[in-house]
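Inspection log for the structure reproduced underneath, given as structure tokens.
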Amino acid sequence: MSVYKFDCLIIGCGIAGLTAAIKVAEAGANVGIVTRANEPEESNTFWAQGGIIYTPEFDPLLEDDIAKASSYTHNKEASKLLAQRSGEILKEILLDKAQTNFVKKNEKLSFTKEAAHSKKRIIYKGDFTGKEIQISLLNYLNNRKRFPNVSLLTGHTAIDLITPTHHGVHLQQRYLKRKVVGAYILNQKTGEVIKAISKQTVLATGGIGSLYLHHSNSEGARGDGHAMAKRAGASLINMEFVQFHPTTFFDRSSHRRFLISEAMRGEGGILINSDGNEFMKSYHPDRELAPRDIVARAIAEEIIETRHECVYLDISGKNAKWIKSRFPTIYQHCLGYKLDITKEPIPVVPSAHYTCGGVRTDLNGKTDLEGLYAVGEVACTGLHGANRLASTSLLEGLTWGYIAAIDILENLEDEFFSEIEIKEWNLVHGEIDLALVQQDWLTLKQTMWNYVGLTRTSNRLARASAMFRELKDEIERFYKNVALHDSLIGLRNAVEVGHEVLQASQRNKESIGCFFRK
């Protein structure tokens, strides 16, 4: 087996992972970034549209808004830390270093407001803020003169974290906590499994949206980091709190649905049902600007009530030139379906969007396991509680990617763990039938959508439980007897994490935030 050694191994290539990489690399440490995608741009960050919160000065109202959106289930210390530290971190990383090109007016940043925010505090770039952030961070990090100590491994899939044994006795008996010393990585092109040994390892793999039939995430958001952490012995918490975005473009072309930004409702877009009636006034006094879980369920109710396959979001009352400038990506996407949003409403449905739970960490990003950090959507500090406030996701990844990096630099060991004490990967060469893998993926997605989705009931969860028992056993047997493949690794992880969401949903009998038990 090939052996790579890094002071810090970062699994994932979105805003959280890239921010951590920048701060660790600036100190001169050797950094390895692993992404299963062939292009490092491919991440959930890339698809984020609305914007990112920027508060140059401490903003106590941000804490209040996070609390209200979470139905007061959030971690107060996490929201306080975000409100206190995020402004200086955003200025350093995005404005000063990456020079992210946010919209400005008269040389000053433009701010907008989104649902459940008490004031304008969100900066943006049209309706492709995430793409602008992702590209600017990659451009900054990819400067070889600036960062010769950074290795970016594209087309490499993390298989499992390395928690080594010593003469047959697991090393957890030699440490207070089980120790992570890197990860086994699959080179998708060659089929080789690599030992990536690291002094500190960071999970930045994103969420679990692609477990669902309809979702707004990249297809890589399949719970890889969650599953690897769980198998290594880390804790997952709040996994029932899966946030569904109320408005994604309704079409039948794929599982990944195109996001119709929250900002469109923030800028005055109105929701109407198939009968042409504005309906949000019947569900919440804030109407279209109500927390997104309320809006999502309202849309679901209207779809059932009207027996129509979607509802509509209408922004056509605004100036056509302004619409094209403010929402260019959405405008062009809809135009590709022969729909002019300056003249007609957009068909929309809810889709799985954000994972509020994840791998449990402290406020420095440390997990239960020694040598393992988690940042961004894969992690759970408790910041969001039962429901996430709009535009906090990019800010959370940026803030805790930075904070974790500082803590990592204070805890770098002098020497690498001995590669001799790390077991070789047992390669299996059985032929893989990708048609079976694809069918199992479809079964999983339909099970999650129909039974562990926007509205959950005891009967639906019981049906899902029966299906998961069969699916888990079958896939685990299949996994052990065929050659490794990225899609199979992802399927194994997705089934494990989907089962975690199911079990958390069965334990929780209280409807709160984005979790609705009927």
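Evaluated against (1) touching a helix residue (DSSP H, G or I) at 6+ places or on another chain (Cβ under 6 Å); (2) assigned to a loop (DSSP other than H, G, I, E, B); (3) not acidic (Asp, Glu), LYS189 falls short on exactly one condition, (1).
Selection of region 42-67 for residues being among the charged types (D, E, K, R), at pLDDT 95 or above and crowded, with 16+ Cβ neighbours inside 10 Å yields GLU63, ASP65.
Can you spot a residue in region 122-140 that is at positive phi and in contact (Cβ under 8 Å) with a residue 60 or more places away in the chain? Give the steps one after another, and end with the answer.
So the first thing to find is which residues in region 122-140 are at positive phi, and the list is 126.
Imposing the further condition that a residue be in contact (Cβ under 8 Å) with a residue 60 or more places away in the chain reduces the set to 126.
For region 122-140, residues at positive phi and in contact (Cβ under 8 Å) with a residue 60 or more places away in the chain: present.
State whether the residues of region 428-444 include one that is without any contact (Cβ under 8 Å) to a residue 40 or more places away in the chain and among the polar types (S, T, N, Q). Yes, region 428-444 contains a residue that is without any contact (Cβ under 8 Å) to a residue 40 or more places away in the chain and among the polar types (S, T, N, Q).
Going residue by residue through region 448-460, is there one that turns out to be hydrophobic (A, V, I, L, M, F, W, C) and more than 30 Å from GLY51 (Cα to Cα)? Reasoning before the result, please.
Of the residues in region 448-460, the ones hydrophobic (A, V, I, L, M, F, W, C) are 448-449, 452, 454.
From what's left, more than 30 Å from GLY51 (Cα to Cα): none.
Looking through region 448-460, none of the residues is hydrophobic (A, V, I, L, M, F, W, C) and more than 30 Å from GLY51 (Cα to Cα).
Considering ALA78, ALA115, the condition of being open to solvent by less than 10 Å² (accessible area, probe 1.4 Å), touching a Leu at 6+ places or on another chain (Cβ under 7 Å) and over 18 Å from GLY376 (Cα atoms) is satisfied by ALA115 alone. The strands (runs of 3 or more DSSP E) falling completely within region 310-391 that include 3 or more residues that are under 30 Å from ILE10 (Cα atoms) map to 346-355, 358-360, 372-374. Quick one: is LEU471 open to solvent by less than 30 Å² (accessible area, probe 1.4 Å) and not small (Gly, Ala, Ser)? Yes: the conditions hold for LEU471. In region 97-116, the qualifying residues are those that are assigned to a loop (DSSP other than H, G, I, E, B) and touching a Ser or Thr at 6+ places or on another chain (Cβ under 9 Å), and the one that is farthest from LYS23 (Cα to Cα) is GLU114. Residue by residue through region 10-61, note down the ones that are closer than 16 Å to TYR402 by Cα and in contact with an Asp or Glu (Cβ under 6 Å, 6 or more places away or on another chain). Scanning region 10-61 gives a single hit, ALA29. Considering (1) of a type in the set (D, E, K, R); (2) open to solvent by 40 Å² or more (accessible area, probe 1.4 Å); (3) within 23 Å of ARG388 (Cβ to Cβ), the lone condition that ARG456 does not fulfil carries the number (2).
Figure legend. Inter-residue proximity from region 29-49: first residues at negative phi, second residues in a loop (DSSP other than H, G, I, E, B) and charged (D, E, K, R), beta-carbon distance below 7 Å, spacing 6+ or different chains. Indicated pairs: GLN49/ASP127.
Kindly evaluate PHE6 against the criterion of being open to solvent by 40 Å² or more (accessible area, probe 1.4 Å), of a type outside the set (S, T, N, Q) and either touching a Pro at 6+ places or on another chain (Cβ under 6 Å) or at negative phi (or both). I'd like the intermediate steps shown before the answer.
Values: open to solvent by 40 Å² or more (accessible area, probe 1.4 Å): no; of a type outside the set (S, T, N, Q): yes; either touching a Pro at 6+ places or on another chain (Cβ under 6 Å) or at negative phi (or both): yes.
No, not satisfied.
Identify the residue in region 470-505 that is assigned to a helix (DSSP H, G or I) and among the small types (Gly, Ala, Ser) and, among all such residues, is nearest to SER458 (Cα to Cα). Full working, then the answer.
Step one: of region 470-505, the residues assigned to a helix (DSSP H, G or I) are 470-481, 486-505.
From what's left, among the small types (Gly, Ala, Ser): 487, 490, 494, 498, 504-505.
Details: SER487: 31, GLY490: 28, ALA494: 22, GLY498: 16, ALA504: 12, SER505: 9 Å.
Filtering region 470-505 for residues that are assigned to a helix (DSSP H, G or I) and among the small types (Gly, Ala, Ser), the one nearest to SER458 (Cα to Cα) comes out as SER505.
The sole residue among ALA483, ALA466, ALA462 that is over 25 Å from the mean Cα position of the chain (by Cα) and under 23 Å from LYS189 (Cβ atoms) is ALA483. Under the condition of being under 20 Å from GLY498 (Cβ atoms), hydrophobic (A, V, I, L, M, F, W, C), touching a Lys or Arg at 6+ places or on another chain (Cβ under 8 Å) and open to solvent by less than 20 Å² (accessible area, probe 1.4 Å), the residues counted in region 224-254 number 4.
Against the definition (assigned to a loop (DSSP other than H, G, I, E, B) and of a type outside the set (Asp, Glu)), how does LYS68 come out, yes or no?
Working: assigned to a loop (DSSP other than H, G, I, E, B): no; of a type outside the set (Asp, Glu): yes.
In short, no.
Going by what's in this entry, would LYS324 be described as of a type in the set (D, E, K, R), farther than 20 Å from GLU132 by Cα and open to solvent by 40 Å² or more (accessible area, probe 1.4 Å)? For LYS324, the condition - of a type in the set (D, E, K, R), farther than 20 Å from GLU132 by Cα and open to solvent by 40 Å² or more (accessible area, probe 1.4 Å) - is not met.
So, of the residues in region 263-308 that are of a type in the set (Gly, Ala, Ser) and crowded, with 18+ Cβ neighbours inside 10 Å, which turns out to be nearest to THR342 (Cα to Cα)? Write out each step before concluding.
Taking region 263-308 and keeping what is of a type in the set (Gly, Ala, Ser), we get 263, 266, 268-269, 274, 276, 282, 290, 296, 298, 300.
From the residues that got through so far, the ones that are crowded, with 18+ Cβ neighbours inside 10 Å too are 263, 266, 269, 290, 296, 298, 300.
On the way: ALA263: 16, GLY266: 17, GLY269: 11, ALA290: 24, ALA296: 24, ALA298: 25, ALA300: 25 Å.
Going through the qualifying residues, I end up with GLY269.
Residues in region 131-146 that are buried (at least 18 other Cβ atoms within 10 Å of the Cβ) and part of a loop (DSSP other than H, G, I, E, B): 0 in all.
The values are calculated or read from the model by the stated rules, or taken from the named source; none is laboratory data. In this text the structure is predicted, and so the values were computed from the model without any measurement. Positions of Cβ are backbone-derived with ideal geometry, glycine not excepted, and every protein chain shown enters the neighbour counts. Remember, those area values only see protein heavy atoms, side chains included, never the ligands or the DNA or RNA. Shrake-Rupley method; radii C 1.70, N 1.55, O 1.52, S 1.80 Å.
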